Amino acid sequence: MIKFMHFADIHLGVENYGRIDSSTGLHSRLIDFIKTLTTAIDIALEEKIDFALFCGDAYKTNNPSPTHQREFARQIYRLSKAGIPTVLINGNHDNPLAFGRASSLDIFQTLNIANIMVVTEPTLLILPTTKGNIQIIGIPWPTKNQYLEKEEYRDSDLNSLNKKIQQRLLRKITELTDQLDTKYPRILAGHFTVAEAVFSGSENYASLGRDPVLPVQFLKDSPFDYIALGHIHRYQNLNTSQKLPIVYCGSMDRINFGEEKDEKGFCLGSIGQQGKIEYEFIPLPVRNMLTINLKIEDDSNPTEDFLEEIKEYDLRDALVRISYEATDEQNREINFKKVKEALEEAEAFLVTGISRNIIKKSPLSRSSLSEEMDLFSALREYIKLQNWQIWEKDLISFTQKLQQELYQTDAPLNREEI
């Protein structure tokens with residue numbers, strides 16, 4: 001039984017929420033991401049894996065800071081030191097923006113770190129493990145920079161360029177597949193988009209037509225034992241009904257609130273006799289993200305209404321954002337000092353924002369009031385339109401007193417005065 005780790009989309013450097021940790025000098029979200037990656041490597045080493053596949057996007061950008069490089073290298077070195085062959089696939093965030101520049105992963109190849117192989121172009125690797133050889137076809141992100149340098153692609157529009165890249169990529173995968181030896185396990189490891197993949201909430205920008213997309217049927221018909229993918233942040237198997245798993249392991253931590261409901265982790269797999277694959281998704285203990293949407297209903301004490309809604313959630317150590325709906329009158333009455341104190345008592349790690357939606361009252365409907373109405377019918381209708389029911393009894397009482405005072409005077413009354 002040959003065991004392996006499949007992980008991707010670490011995105012070290014995502015620091016859109018949080019604060020600087022005074023004890024380390026690091027951003028709190030960087031600390032979160034380091035813990036996530038460290039935990040994954042801990043589990044892989046405990047499971048005594050025989051090789052590891054990293055399917056792209058180590059960093060947020062292709063120009064990571066020395067700190068981000070250090071933290072990623074520390075964990076990859078743990079695999080190297082344990083004698084575990086590890087394949088690093090270039091992702092779109094790892095690629096340089098300009099043709100000819102180094103990728104953020106090239107340093108591992110340059111330093112010739114033991115047991116570490118970097119894939120920056122489609123390649124067939126023979127991976128030696130203590131339990132036998134594994135064949136890996138590595139497919140990095142199909143960057144457009146490589147093709148725009150070629151005369152045949154230079155004047156192509158985006159759709160035409162994507163189709164040409166797709167066709168070229170399919171031909172290259174087919175060419176490499178023809179070189180596989182059926183005696184050894186066969187794995188495709190890549191960083192690209194597959195049709196029918198479900199994007200996470202943070203990836204709405206990624207749409208078909210913007211990037212080259214490989215047809216899922218092409219992969220289903222391939223001779224591989226396992227297809228390990230990166231790029232899409234949601235864990236999923238695109239071929240659950242067949243024996244060939246086509247797996248996006250997903251990102252290892254939550255990038256933003258669009259992923260607050262997504263489970264994060266990586267995959268552990270094993271290769272048995274005749275290439276039989278078994279794998280499982282391993283969830284990781286990432287920081288909770290929570291959006292609270294509430295509507296203020298209580299006119300007399302909107303603050304208590306706000307606080308009662310907050311009590312319904314477990315906010316301990318969570319990144320929290322709140323959106324509330326209230327009338328202008330209710331909003332003026334909310335005691336935000338008490339709201340802040342309640343959030344601190346709930347031990348929320350950070351409240352990223354409180355946004356409000358002020359409900360504008362509908363203008364008074366002229367058709368609901370008419371000159372034919374008597375005074376008190378008109379008053380009750382006006383109270384209803386203004387949502388003043390809690391004061392209805394007092395208003396009617398005051399009106400009765402005013403009416404009595406007016407009738408007791410000698411001055412003649414007209415409708416305008418009433």
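The values are calculated or read from the model by the stated rules, or taken from the named source; none is laboratory data. Note that the structure is a prediction, hence the values are computed from the model and not measured. Please note: Cβ atoms are built from the backbone with ideal geometry, for glycine as well, and neighbour counts cover all protein chains shown.
Pick from 258, 272: which is touching a helix residue (DSSP H, G or I) at 6+ places or on another chain (Cβ under 7 Å), surrounded by fewer than 17 Cβ atoms within 10 Å (Cβ to Cβ) and under 30 Å from residue 89 (Cβ atoms)? Even if it seems obvious, please write down each step before you answer.
Working: 272 fails: touching a helix residue (DSSP H, G or I) at 6+ places or on another chain (Cβ under 7 Å).
Exactly one of 258, 272 is touching a helix residue (DSSP H, G or I) at 6+ places or on another chain (Cβ under 7 Å), surrounded by fewer than 17 Cβ atoms within 10 Å (Cβ to Cβ) and under 30 Å from residue 89 (Cβ atoms), namely 258.
Is it the case, given these coordinates, that residue 265 is buried (at least 18 other Cβ atoms within 10 Å of the Cβ), under 27 Å from residue 92 (Cα atoms) and under 15 Å from the mean Cα position of the chain (by Cα)? Please lay out each step first, then the result.
Numbers: buried (at least 18 other Cβ atoms within 10 Å of the Cβ): yes; under 27 Å from residue 92 (Cα atoms): yes; under 15 Å from the mean Cα position of the chain (by Cα): yes.
In short, yes.
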Residue selected from the range 309-329 under the condition under 18 Å from residue 355 (Cα atoms) and of a type in the set (D, E, K, R), by the criterion surrounded by the most Cβ atoms within 10 Å (Cβ to Cβ): 321
Within the range 333-352, work out how many residues are exposed (fewer than 14 other Cβ atoms within 10 Å of the Cβ) and part of a loop (DSSP other than H, G, I, E, B). 1
List the strands (runs of 3 or more DSSP E) inside the range 220-332, counting only whole elements, that have at least 1 residues being in the same structural domain as residue 132 (by TED's automatic domain parsing) and free of Cβ contacts under 8 Å to residues at least 24 places away in the same chain. 277-283
Of all residues in the range 234-273, count the ones that are within 18 Å of residue 3 (Cα to Cα) and among the polar types (S, T, N, Q). 2
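Consider residue 229 carefully, then state whether it is modelled with pLDDT of 95 or more and in contact with a helix residue (DSSP H, G or I) (Cβ under 6 Å, 6 or more places away or on another chain).
Working: modelled with pLDDT of 95 or more: yes; in contact with a helix residue (DSSP H, G or I) (Cβ under 6 Å, 6 or more places away or on another chain): no.
Taking the combined requirement at face value, the residue does not satisfy it.
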Return a yes/no flag: does the range 3-21 have any residue that is in a helix (DSSP H, G or I) and surrounded by fewer than 24 Cβ atoms within 10 Å (Cβ to Cβ). no
I'm told residue 86 meets every condition in (1) at pLDDT below 95; (2) touching a Phe, Trp or Tyr at 6+ places or on another chain (Cβ under 8 Å); (3) of a type in the set (Ser, Thr, Tyr) except one. Can you identify the failing condition by its number? (1)
Kindly evaluate residue 357 against the criterion of being at pLDDT below 95, in contact with a strand residue (DSSP E or B) (Cβ under 9 Å, 6 or more places away or on another chain) and not aliphatic (A, V, I, L, M). yes
